[in-house]
Amino acid sequence: MNIILLGPPGAGKGTQARQLEEKYGLVQLSTGDMLRAAVRKGEPLGQEAKAIMDRGALVPDELMIRLISERIAQPDCAKGFILDGFPRTIPQAQALDKMLLNVNSKLDAVVELKVDEGKLVERVAGRFTCAKCGEGYHDRFKPTRAPGVCDQCAGTDFSRRADDNAEAMKTRLKAYRDETAPILPYYAARGVLKAVDGMAPMPDVFRALEGALGLVV
């Protein structure tokens, strides 16, 4: 099963993708991670991308599509993949469809995690992470049981993303509305678009996601 998860920053795409990966053997593909890995390993596509980035230019869609094509051909993607962070534009969506057709594959579903933007800003502003084990917390919704001490590993070092604040989040949401949301009608017209309530508790979102994908009866 080949899936795209869509939704604005903070909607929970990464969390849901990891659960699908663990339960069903699908592979979560983050194009950013794939690009960094290719550069780090010195692979031909990575060297090509690095030369472009070193010039301060954006990596072209054509190169990203080639990167995805090479990745999904690997044995661990036999059960399918979950794309997170790509495509972001209609030309990228069209290029992805064309590439999948060329390798006798297709998208089975594109799932939008629908959110309330006001509540999403509140959810994201206040997130922090244990620097030692990566466990995530929130000032209001999920504080540590003991102040300043990680519940999982007892670490006392925490980090916050610089853009996990209200103003930065509003900017990111606007960018999503302007740049990425227009691809929703594209996938709706192709009959593969599903939607689930991304504001529900995480276990409920996952169950709804399984239902939308036909993974549970």
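Every number in this text was worked out from the coordinates using simple rules, so none of it is lab data. In this text the structure is predicted, and so the values were computed from the model without any measurement. Quick reminder, even Gly has a Cβ in these numbers, built from the backbone with ideal geometry, and neighbours come from all protein chains shown.
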Leading residue at positive end of dipole, the stretch 125-217 (Cβ point charges), from SER159, PRO201, TYR186:
TYR186
Just to be sure I understand: with springs between alpha-carbon atoms less than 10 Å apart, which residue in GLY118, GLY85, GLY14 has the highest mean-square fluctuation in the Gaussian network model of the chain?
GLY118
Would you mind telling me the antiparallel percentage of the DSSP bridges in the chain, rounded to 5?
30
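Treating the beta-carbon of each Lys and Arg as +1 and of each Asp and Glu as -1, no other charges, what is the dipole magnitude of the chain about its Cα centre, to the nearest 20 debye? Don't skip to the end; give the middle numbers.
On the way: 31 positive and 29 negative charges, 18 e Å.
So the magnitude is around 80 debye.
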Ranked by GNM mean-square fluctuation in the chain (Cα springs under 10 Å), the top entry among LEU26, LEU63, LEU193 is LEU63
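Using a 10 Å cut-off on Cβ atoms, rank the peptides 38-47, 88-97 from the highest mean neighbour count down. Intermediate values should be presented prior to the final figure.
Working: 38-47: 14.1, 88-97: 16.3.
Most protected by this proxy first, the peptides run 88-97, 38-47.
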So what's the back-of-envelope 222 nm ellipticity for the chain, counting only DSSP H runs of four-plus at -39500 (n - 2.57) apiece and dividing by all residues, rounded to 500?
-13000 deg cm²/dmol
Cross-link reach from LYS106 to lysines, straight Cα distance under 22 Å and at least 8 residues apart if same chain, gives LYS13, LYS23, LYS79, LYS98, LYS194
Centre separation in Å (Cα based) which lies between the stretch 32-72 and the stretch 86-108
17
Under a point-charge model restricted to the Cβ atoms of Lys and Arg (+1) and Asp and Glu (-1), what is the dipole moment magnitude of the stretch 1-83 relative to its Cα centre, in debye to the nearest 20?
180
Per-q log10 I(q)/I(0), the chain, q = 0.11, 0.12, 0.13 Å⁻¹ (Debye; single scatterer per alpha-carbon; no solvent)
-0.61, -0.73, -0.86
For the chain, set up a Gaussian network in which alpha carbons nearer than 10 Å are linked by springs, and say which option among ARG140, ARG71, ARG123 fluctuates the most.
ARG140
